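Colleague: This is the structure I want to talk about, given as structure tokens.
The values are calculated or read from the model by the stated rules, or taken from the named source; none is laboratory data. No experiment lies behind these values; they were computed from the predicted model shown. We place every Cβ from the backbone using ideal geometry, glycine too, and count neighbours over all the protein chains shown.
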Amino acid sequence: MPTTITMPQLGETVTEGTVAQWLKKVGDSVEKYEAFVEVSTDKVNAEVPSPVSGTIVEIIAKEGETVPTGAPIAIINEVGAAAVAPAASAPSSTPARTAADDDEPVPGHNVGVAASNGARGAGNGAPVNAPEVLRRVSPAVRRLAREHRVDLATVRGTGTGGRITAGDVLAASGEGPAAAVAATIVAEPVPAAKPETPRVAPPKPAPVAVPGEILPLTQARKIIAQRMVESKHTAPHAWTTVEVDVSKLWAWRQRAKDAFQRNHGVPLTLLPFFIRAVVESLRAYPLLNARFTEEGILVHKQVNVGVAIALESNLIVPVIRDADGLSITGIAVAAGRIIERARAGKLSADDLTGGTFTVNNTGANGSILSAPILNGGQAGIITMEAVVKRPVVVEGDAIAVRSMMNVCLSLDHRVIDGAVASAFLVDLKKRLQSMGPDGAL
């Protein structure tokens, strides 16, 4: 039976996507969950998996064509559709499987590939979940279970109403609490009708710049250019900065970094300290965690911090969700994991959605002052610049060598006035300067 494939929505503010590359052509067969097309947005190329198995019979959207989300891009002639019906000999009390359940073992059914490959679960491996519990598992958690060969039928859910979470899957796989912390930032729940979410395509080498020649624009670069122009033209940008004495914080990090690396498997940089201070200041000044709409200013309930990560040919901003609920250690583990996955091209498209405020570590490249462009739909973006040792006048008019860092804030002046922005930065400065070895990670 023919199945129409539509352009996926790759972010809450994304209304269109561009077909960057067809990975399959008309007449090719495609397996369920196999990537068959690459779609570009301003920050990412996402490999879109097929929701069904079958043969591609028509390609509607050509490479380079931009279409609205939800618009048809291809038609696949589905095969094996009748397989979802229960066998005639099955007891009438056994619920029928649906398309959303295809990858999940259900009590009373053959657990299939996961079991035959030695899938891991809870306890002695006996099923503990009713079919309705398995049907409520999000696609992101399903994917995680497949990657770790965990039988979801045996995993006890700790979420609302017994819902199985990413942390439950990782706990069942034996990866422990550190991995579970990172998994909590993976994705918002996705409607069960979508069996799989697009995965970010592996990073591609940057085009080589040759003097005197035109450097061809990649699809991602075209869209980045468009979005940056839209951001500058739509939101009246304002910019302000403060300098912060991070001497105590720098000394704390230097003393703790080796043990932290051994204990948690990720480096301890200044970034998690900075993000922790930022989310505390966002609590104090929630207008910075907002967006402008025609109906009014929407102040977000969640504090979802986007972390700008530079790749060889692109810049992406994966999101740490509910960052205000994480300790410095939790933020460090979460940030370390998403940076590692970003550079390996293993992020999902859901990792890049839902941000409410952005942090950029431009200081990692040696910058001491910058004026970043706002992410569309956000009221603020902040940078931590390079830490530089220099002589500073301190208490008693003495001169001392201190570790100094500039912190720069770009803001949407439709949402935030200068006084609020300055108060936010002063608050952030106090929090950063108060961080020292007596604090808790």
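Colleague: Out of curiosity, is residue 317 β-branched (Val, Ile, Thr) and either more than 29 Å from residue 259 (Cβ to Cβ) or outside the structural domain of residue 409 (by TED's automatic domain parsing) (or both)?
Modeller: So residue 317 fits the description; yes.
Colleague: Which of the residues belonging to region 372-386 are crowded, with 18+ Cβ neighbours inside 10 Å and farther than 20 Å from residue 240 by Cβ? Break it down stepwise before answering.
Modeller: Taking region 372-386 and keeping what is crowded, with 18+ Cβ neighbours inside 10 Å, we get 372, 374-375, 377-385.
Within region 372-386, just 377 meets the criteria.
Colleague: Something else now. Search region 313-329 for residues being in a helix (DSSP H, G or I) and touching a strand residue (DSSP E or B) at 6+ places or on another chain (Cβ under 9 Å), and hand back the single one that is surrounded by the most Cβ atoms within 10 Å (Cβ to Cβ).
Modeller: 323
Colleague: Going through 208, 181, 190 one at a time, which residue ends up being of a type in the set (A, V, I, L, M) and at pLDDT 60 or above? Break it down stepwise before answering.
Modeller: Numbers: 181 fails: at pLDDT 60 or above; 190 fails: at pLDDT 60 or above.
Matching residue, one of 208, 181, 190: 208.
Colleague: Do we find that residue 244 is buried (at least 17 other Cβ atoms within 10 Å of the Cβ) and not in a helix (DSSP H, G or I) in this structure? Lay out the reasoning, then the answer.
Modeller: Details: buried (at least 17 other Cβ atoms within 10 Å of the Cβ): yes; not in a helix (DSSP H, G or I): yes.
Yes; evaluated as a whole, the condition is true for this residue.
Colleague: Looking at (1) modelled with pLDDT of 95 or more; (2) assigned to a loop (DSSP other than H, G, I, E, B); (3) among the small types (Gly, Ala, Ser), which is the only condition residue 421 fails?
Modeller: Just one mismatch for residue 421, condition (2).
Colleague: Looking at region 349-371, which of the residues that are assigned to a loop (DSSP other than H, G, I, E, B) and within 20 Å of the chain's Cα centre (by Cα) is surrounded by the fewest Cβ atoms within 10 Å (Cβ to Cβ)?
Modeller: Restricting to residues being assigned to a loop (DSSP other than H, G, I, E, B) and within 20 Å of the chain's Cα centre (by Cα), the top hit is 354.
Conditions (1) among the aliphatic types (A, V, I, L, M); (2) closer than 17 Å to residue 269 by Cβ; (3) at pLDDT 95 or above; (4) assigned to a strand (DSSP E or B), marked per residue:
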| site | (1), (2), (3), (4) |
| --- | --- |
| 400 | yes, no, yes, yes |
| 403 | no, yes, yes, yes |
| 409 | yes, no, yes, yes |
| 415 | yes, no, yes, no |
| 441 | yes, yes, no, no |
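Colleague: Hey, among the residues in region 11-26 that are under 24 Å from residue 58 (Cβ atoms) and of a type in the set (A, V, I, L, M, F, W, C), which one's modelled with the lowest pLDDT?
Modeller: Restricting to residues being under 24 Å from residue 58 (Cβ atoms) and of a type in the set (A, V, I, L, M, F, W, C), the top hit is 20.
Colleague: Here is a follow-up. For region 276-312, which residues satisfy the criterion of being surrounded by fewer than 17 Cβ atoms within 10 Å (Cβ to Cβ) and in contact (Cβ under 8 Å) with a residue 12 or more places away in the chain?
Modeller: Selection gives 280, 283, 284, 286, 297, 299, 302, 310, 311, 312.
Colleague: If you don't mind, another one. Right, residue 52: modelled with pLDDT under 90 and not in a strand (DSSP E or B) or not?
Modeller: Criteria met by residue 52.
Colleague: Could you pull out the residue among 389, 346, 430 that is of a type outside the set (A, V, I, L, M) and either in a strand (DSSP E or B) or crowded, with 16+ Cβ neighbours inside 10 Å (or both)?
Modeller: Selected residue: 389, the only one of 389, 346, 430 that is of a type outside the set (A, V, I, L, M) and either in a strand (DSSP E or B) or crowded, with 16+ Cβ neighbours inside 10 Å (or both).
Colleague: Turning to a different aspect of this structure: I'm trying to understand the selection: among the residues of region 13-49, which are in a strand (DSSP E or B) and charged (D, E, K, R)?
Modeller: 16, 38, 47 - these are the residues of region 13-49 that are in a strand (DSSP E or B) and charged (D, E, K, R).
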